[in-house]
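Peer 1: Sharing a structure below in structure tokens format, with a few things to ask.
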Amino acid sequence: MEKVESLRGVPGMLRPFKEYVASLNLKEKDQIVFYGCPGTCTPFVELLGYAIRDLKNEIVFVPFLDEKKAVTLVNTANIGLQASSAPEKLKPSLIVIMGGLAMPNVPVSAEDAMNVTKKYDSRIAGICFMSMFEKEKWTNIFDFEMIIDAEIDPVDIWKR
């Protein structure tokens with residue numbers, strides 16, 4: 001892969017993601033399925049999904065790799081994206097692997113993720129922090145079409 005841009009902050013994640021999804025020319029209601037860790041990845045999935053809400057795709061979150069627990073995320077007025085009901089079926093046009101799955105001590109391997117996602121004829125993108133896919137060698141397993149790799153550095157703590 002080739003580094004094509006370096007941005008900052010939350011807009012630095014959201015704008016390129018929205019541009020990427022828009023460039024795919026998906027049809028309304030085509031599924032974008034995010035696989036990630038419940039709790040830690042979920043807010044980022046909600047944020048990324050909110051950034052593309054006007055594209056009218058169906059946003060689905062799969063906790064870890066357990067597709068039986070998949071939920072659709074719907075835009076709720078004055079709140080943002082919120083978990084709703086289970087999707088009728090999974091048929092992703094785009095799979096987004098969240099880097100939380102690659103974190104040490106998460107009960108998922110790259111091979112596990114590949115085995116779950118390879119059954120779909122879908123594009124695959126990745127979103128991670130601190131080069132997690134590269135550090136854990138997920139880039140050797142997945143042929144990501146795009147990776148957004150953000151930094152959380154520094155984290156400043158202020159107290160009185």
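Peer 1: Looking at the stretch 28-49 only, could you name the residues that are without any contact (Cβ under 8 Å) to a residue 40 or more places away in the chain and either farther than 14 Å from residue 81 by Cβ or over 12 Å from the mean Cα position of the chain (by Cα) (or both)?
Peer 2: Correct list: 28, 29, 38, 39.
Peer 1: Right, another one. With respect to residue 133, determine if the residue is outside any helix (DSSP H, G or I), aromatic (Phe, Trp, Tyr) and buried (at least 20 other Cβ atoms within 10 Å of the Cβ). Don't jump to the end; show me each part of the working.
Peer 2: Details: outside any helix (DSSP H, G or I): no; aromatic (Phe, Trp, Tyr): yes; buried (at least 20 other Cβ atoms within 10 Å of the Cβ): yes.
Judged against the criteria, residue 133 is not a match.
Peer 1: Shifting gears a bit: Suppose we keep only residues that are β-branched (Val, Ile, Thr) and in a loop (DSSP other than H, G, I, E, B) within the stretch 96-128. Which one would you say is surrounded by the fewest Cβ atoms within 10 Å (Cβ to Cβ)? It would help to see each step written out before you state the result.
Peer 2: Just the residues of the stretch 96-128 that are β-branched (Val, Ile, Thr), to begin with: 96-97, 106, 108, 116-117, 124, 127.
Going one step further and asking which of them are in a loop (DSSP other than H, G, I, E, B), we end up with 106, 108.
On the way: 106: 16, 108: 19.
Within the stretch 96-128, the match that is surrounded by the fewest Cβ atoms within 10 Å (Cβ to Cβ) is 106.
Rule-based calculations on the coordinates, nothing more; no lab input. Computed from a predicted structure; not experimentally measured. Methodologically, a virtual Cβ is constructed for each residue, glycine included, from the backbone with ideal geometry; neighbour enumeration extends over all protein chains shown.
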